[in-house]
1. If you scan segment A:17-37, which residues turn out to be open to solvent by less than 30 Å² (accessible area, probe 1.4 Å), near ligand 1 (Cβ under 9 Å from one of its atoms) and assigned to a loop (DSSP other than H, G, I, E, B)?
2. Does segment A:133-142 contain at least one residue that is at pLDDT below 95, within 13 Å of another protein chain (Cβ to nearest Cβ) and surrounded by fewer than 19 Cβ atoms within 10 Å (Cβ to Cβ)?
3. From A:V14, A:V65, A:V70, which residue is assigned by TED's automatic domain parsing to the domain that holds A:D208, away from ligand 1 (no atom under 16 Å from the Cβ), of a type in the set (V, I, T) and without any contact (Cβ under 8 Å) to a residue 40 or more places away in the chain?
4. Starting from segment A:155-169, keep only residues that are within 9 Å of chain B (Cβ to nearest Cβ) and open to solvent by 10 Å² or more (accessible area, probe 1.4 Å), then list their pairs with residues that are hydroxyl-bearing (S, T, Y) and assigned to a strand (DSSP E or B) whose Cβ atoms are within a distance under 6 Å, requiring at least 6 positions of separation or different chains.
5. Within segment A:38-62, restricting attention to residues that are in contact with a helix residue (DSSP H, G or I) (Cβ under 9 Å, 6 or more places away or on another chain) and in a loop (DSSP other than H, G, I, E, B), which residue is farthest from ligand 1 (Cβ to nearest atom)?
6. Return the total of residues in segment A:104-158 being part of a loop (DSSP other than H, G, I, E, B) and under 30 Å from B:A210 (Cα atoms).
7. Those residues that are of a type in the set (A, V, I, L, M, F, W, C) and either at the interface with chain B (Cβ under 7 Å from one of its Cβ atoms) or surrounded by fewer than 24 Cβ atoms within 10 Å (Cβ to Cβ) (or both), I need them from segment A:94-110; list them, please.
Amino acid sequence: MLETRNLDKSFGAVHVTRDVSLKLERGERRVILGPNGAGKTTLFNQLVGELTPDSGSVHLAGADVTALPVAKRARRGLSRSYQKNTLFDGLTVEENLGLAAAVHTGSATQLWSDSLAKPEVREIVEEVAEQVNLTDFLQARVSEVSYGVRRQLEVGVALATRPHVLLMDEPTSGVGPEMAKGFHDLLNNLPRDLTLLIIEHDMDLAFDVADTITVLNYGEVVFDGLPEAARGSSLLKEIYLGSWEDA
Amino acid sequence: MFRHNALRCTVLLLLAAAALFQALTAGYFGLEILTEILILAILVLALDIAAGFGGMVSLCHGALMGVGAYAYAILSAKAGLSPPVAMAAALALTGGCAWVIGAICARSHGIYFIMATLAFGQMAYSYVFEAPVFGGDDGLGGIARLDLSLIGVDLNDSRSFALFCLAVLGAVYGASVLILRSGLGRSLAGVMHNEQRMRALGLTVWRVKADVFGLSGMIAGLAGVLAAQHVMYISPGLLSWTVSGEALVVVILGGLGTLVGPLVGAAAFVLLKHELSALTPHWHLVVGVILIAVVMSRANGIFGWIEACWGGRAERRAAKAVRKQKTKEVLSDA
Ligand SMILES: Nc1ncnc2c1ncn2[C@@H]1O[C@H](COP(=O)(O)OP(=O)(O)O)[C@@H](O)[C@H]1O
Ligand SMILES: [Mg+2]
């Protein structure tokens, strides 16, 4: 469903993506682990097209999309959430979700009707709000809600385009354990045919949702396989300096 | 995102009532000033859609207005098209020009966007100034007004023409609200708040910007057609960048991104200009000081002040209600 072949990227002298080849099957749930600065976010940016790789290619549903701009890849069913909230701050939660749903339903450029009032848009907004526990916050402006709520909305906006492939960049970063547990339930309730690629620091969460695990270190794939095998890997122990045993 | 609220409706109704009263009772000079305000109001509505709601701060809206005026003048006076056809063609042409400018400038932001639009405006200005068909420095005269004798209206009468401009302004305001409340307008709000995210959601951002800029340019062109019909004579000065600058001043003075504010700004600006220029040739200085005061006060223009006062009143009323409630409680406790 989503594949990279020999992806390579440098920022000046810093080599942030080294020959990364990944392959996700339809419906696969893969977690990317790796220390800060390993190049996880940079990899996401190349997958969605916000960054152009120096060499290598990105394939979506069998087609080479390396040359496609961000919006075109998104319209082919690729969606992402950001590590740092990237929302429409002055607008309400409902409008945030509605803007995303409108793009998906094709009413985002119509001049003769209000996209946010369309029944198919409202339906998606309500469904997603339910999924990410935002039903009580729909009328609140993003600038008025707590960080945790914004974090949920960050994922909600990505879900409201009804993607086939969803990339989530540290969805639980900065939220308390209780809310992280909520995300965990959310992930497990997503449709099984949705392909998921998640960057995650929380080990429990990672091992709970992952079908497969990829570990990045210094821009390089140092492990790629099943969670059980990852647990035993000595290389991982080294990278995570023992925080492993707790997992 | 555009939201109509009680305050906006109130101010809008007051403005409409004042304009209507003026149109029905004013003498010749009053009607001239009113018409000038109404045409400027159409231009600044166009600019507010692009700049206030889309972050596209344009310095070519004066030139677009000029394109509309010249297109109408040439097509009706020289090519012999009937005024309604010439008007429709002028609007289509201005809209098309604006769409192309919007599409080309869509990738640039902030100061670069301003400079790019300025460059397009200056190109149009120098072309009109130099091409002989446009009459160069002398401009073009003999421009006819629309013929509405079918419905018994003679637009050559200045009262009728002022009322006509008021009706057009009303229609343009309605159209602006519809644009801002359409799917396109909603997406524009998304782009204004977070362009990167809109793109990541799958929106072709440049298309949205170009479409909105095209519509905005068409409205500016309509202001140009009315200006040409009003004075019945046009000169290249209409396309000068200072016209765009003045429009921007009016939008900021009135309240960027409020739609109603720029209408207030247009009235304030034209009235100030006429009152002050009778007193002193340095009226620009006074307008400058007022603009600085508005910008420094950190309110969003005159409409921002009105909003703050209104909000203050509502707060005071709420506080009073709470006080009353408390007194009641104290009394009932006792
Ligand atoms: N736009 C950029 N320009 C220069 N260096 C960058 C840029 N983006 C990321 N980097 C560098 O690339 C490395 C990987 O960053 P990132 O992908 O954000 O890591 P991670 O998400 O795994 O924590 C870091 O050293 C970071 O400083
Ligand atoms: Mg990161």
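1. A:G34
2. Looking through segment A:133-142, at least one residue is at pLDDT below 95, within 13 Å of another protein chain (Cβ to nearest Cβ) and surrounded by fewer than 19 Cβ atoms within 10 Å (Cβ to Cβ).
3. The unique qualifying residue is A:V65.
4. Listed by first residue and then by second, the contacts come to A:T161/A:S79.
5. Out of the qualifying residues, it is A:G49.
6. 10
7. Listed by number, the residues that qualify are A:L99, A:A100, A:A102, A:V103, A:A108.
Residues checked against (1) touching a Pro at 6+ places or on another chain (Cβ under 9 Å); (2) within 16 Å of ligand 1 (Cβ to nearest atom); (3) among the aromatic types (F, W, Y):
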| residue | (1), (2), (3) |
| --- | --- |
| A:L99 | no, no, no |
| A:H104 | yes, no, no |
| A:L116 | no, no, no |
| A:V125 | no, no, no |
| A:E130 | no, no, no |
| A:Q139 | no, no, no |
| A:V155 | yes, no, no |
| A:L159 | no, no, no |
| A:D169 | no, yes, no |
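The values are calculated or read from the model by the stated rules, or taken from the named source; none is laboratory data. Everything quoted here is computed from the prediction, not taken from an experiment. Positions of Cβ are backbone-derived with ideal geometry, glycine not excepted, and every protein chain shown enters the neighbour counts. Quick note on the areas: whole protein, heavy atoms, side chains included, nothing else; ligands and nucleic acids left out. Shrake-Rupley method; radii C 1.70, N 1.55, O 1.52, S 1.80 Å.
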